[in-house]
1. Pull up segment 5-41, narrow it to residues that are of a type in the set (Ser, Thr, Tyr) and at pLDDT below 75, then point me to the one that is surrounded by the fewest Cβ atoms within 10 Å (Cβ to Cβ).
2. Can you tell me how many residues within segment 42-93 are loosely packed, with under 10 Cβ neighbours inside 10 Å and within 18 Å of Gly32 (Cβ to Cβ)?
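The values are calculated or read from the model by the stated rules, or taken from the named source; none is laboratory data. Just so it is clear, the model here is predicted, and its values are computed rather than measured. Glycine also receives a Cβ, built like all others from the backbone with ideal geometry; neighbour counts cover every protein chain displayed.
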Amino acid sequence: MLKILSTIAVAGLLAFSVAGCTTADQRVAGYGVGGAALGALAGGAINGGKGALAGAAIGGAGGALVGAATNNNSNRYCTYENRYGQRYQAPCR
């Protein structure tokens, strides 16, 4: 019972930790948490408790890397209109 309550408490803390982040930061954190969860499940199924811990660490790091790679803040393009009414896209100012 204590293990279940501590798991719920940790999940709640993780949810509150990303509440004030930007959307891009929330995406990276979400990928990291998802990767950690999947890694823990896979590691636990393969090698028990120590495997779950290692799987969570590896999955969390991998998920955060994937989330950061899918974040394309540096490639933002905006749509502009010139004085002739033609629309075009260019990097945002």
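1. Ranking the candidates gives Thr23 first.
2. Residues meeting the conditions: 2.
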